[in-house]
1. Can you sort VAL31, VAL318, VAL241, VAL310 from fewest to most other Cβ atoms within 10 Å of each residue's own Cβ?
2. Would you mind classifying the chain by shape? Square roots of the alpha carbon gyration tensor eigenvalues, ordered a ≥ b ≥ c; an a/c under 1.5 is rounded, otherwise it is prolate if a/b is larger than b/c and oblate if not.
3. I want the local charge near PHE410. Using Cβ-Cβ distances under 15 Å, sum +1 for each Lys or Arg and -1 for each Asp or Glu among the other residues.
4. Compute the relative contact order of region 187-330 as a whole-number percentage, counting only Cα pairs closer than 8 Å that sit 6 or more residues apart in sequence.
5. Please give the calculated 222 nm ellipticity per residue for the chain, where each DSSP H segment of at least 4 residues contributes -39500 (n - 2.57) and the sum is spread over every residue; nearest 500 deg cm²/dmol?
6. Over what distance in Å are the Cα centres of region 1-36 and region 86-110 separated?
7. By how many degrees, between 0 and 90 and to the nearest 10, does the Cα long axis of helix 226-235 differ from the longest principal axis of the chain?
8. Mind checking which aspartates and glutamates have their C-alpha under 19 Å from LYS459, skipping anything on the same chain fewer than 8 residues away?
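What follows is calculated from the coordinates using simple rules that are stated; it is not laboratory data. It should be emphasised that the depicted structure is a prediction, and the values quoted were computed from it without experimental measurement. Neighbour counts run over all protein chains shown; Cβ positions are idealised from the backbone, glycine included.
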Amino acid sequence: MPLTAIIGALWGDEGKGKIVDATNEEADLIVKANGGGNAGTTYVINGKKVVLHLIPSGALRKKRSLMAQGMVMRPEQLCKELEEFNWDVNLGIDPRLQITLPYHLALDYAREKAADLKAKGNNKTEGGAIGTTLSGIGPTYEQQKSRAGIRFFELCSDEKKLEKKVRENYDYIKGIIANMGLEMVMPDRKIIDGKYVIEDMPLTAEQCVEAAVESGRKLKKYMADVSDEVYTALKEGKNVVIQGAQGTMLDIGFGNYPKVTSSEVRAPAVYTAVGIPAFPMKVIGIVKAYPTKVGSGPVVTCLDGGKWPVDENYSDPVAKLIRERGQERGATTGRARRVGWPDLVVLNYSHKLNGFTDLALTRLDIMHDIDPIKVCVGYWQDGKLTTKYNGWDLETLSRAKPCYVEIPGFGDISGVRNYESLPSGAKQFVELMETYTGVPVSIISVGPDREETIFRNFKAFE
Ligand code: GDP
Ligand code: IMO
Ligand code: MG
């Protein structure tokens, strides 16, 4: 059964886009399973950079690209992305998929504002806002569960019924926001003089109705029973790639709750998100050579003094170097990402939740000339050394101290295309990761471009 999933092993932005694109050559179908506008995926093809949030990576190779039920989708945003392709994308959208409308962004924004107001002091790691991408993700999934949500099917059906439901939801959400003592406004995110700022934009019910009706008309032609299409393709022996979004540590159930997103990110969740039985699946865990995190929550190996938002006065020089060199800013929000030393404790936790058959190690090139490289192999927690990761206990995690082994640094590896030619320090890093997790590192990425990839006996499909 040629089914392969690409799953973020850490806190997102691991380079899933680059790997899914590099492995897509033999794929027939590319399916996105979870998340929505919060995902920011960067592709670099022959030096040209493309950033997508919703459209699956298959569009870049003109392959059939599907958005599964488990995703949430902001229709105006999808229309904008499709315009960039002149609407020429072989796209299918599941009728059951939930729609994000502007009022979801308003509620996301209001909640973050209220949490920030409540938080004391500067260190938001243990309280305050999550630092969401303000894409309305939480409120959309929440309305799915409360059965008040609008599905893609309804977006593209009776316009009168759609308008009624949009107005009802607008009023309901306006009421919640008013109860918080706040206004019904949308976040307008901007980068001004290199600083991330958000401005309030008033939001009316009419704007929401217009957004829904207009985009429904434009997107209707893409409706497709994704669950059935993927099932049939697999039965016919076609190659299907599942393109995950976010990272396992942001999973709603098994990530660092509540500092998480609102969807299930893990590989086993793919089956329910797409709507297929548990066919055998190859699971490629994407792991960045160093972890990054946008938003608050504990990162034991953090080199930014645990501060969120990042305050470089508290950052270790290694964090500053990596952030600068790696341009570690969110593709969706432009916010600086926190940076840490590699953490095998987290990676192993992630592996046990996902069952990785392969690991793809990305951004190894960014680690050049950092000597030594510290790799976390255990945590000092309440006076004891442990390799267990209690992802649910954020307080204990925020007190935990990393136990490192050191490996020698290495020089520029961006031109290397085969494993044997890597310097010894880089190989030691790879082999330590393999020994610790028991999973082969079969892809090593040494640059953003499709071509800047080392494959080690890698097969995209079995
Ligand atoms: P995703 O959300 O997991 O798809 O990752 P993002 O696109 O948000 O962030 C990953 C960033 O790293 C993008 O800018 C990629 O172009 C870039 N990238 C991916 N792999 C590599 C690599 O091996 N080396 C370097 N230098 N950049 C990479
Ligand atoms: P990709 O697919 C990195 C983070 C946010 C915040 C938390 C909740 O590019 O890897 P949300 O907007 O989902 O309610 O935010 O999750 N987050 C991501 N961080 N990469 C992502 O996606 C993310 N999607 C959400 O920063 O901490
Ligand atoms: Mg990203």
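1. VAL318, VAL310, VAL241, VAL31
2. oblate
3. Charge balance near PHE410 sits at -3.
4. Reported as a whole number, the value is 11 percent.
5. -9000 deg cm²/dmol
6. 20
7. Once rounded, one gets 50 degrees.
8. ASP21, GLU25, GLU26, ASP28, ASP358, GLU420, GLU434, GLU451
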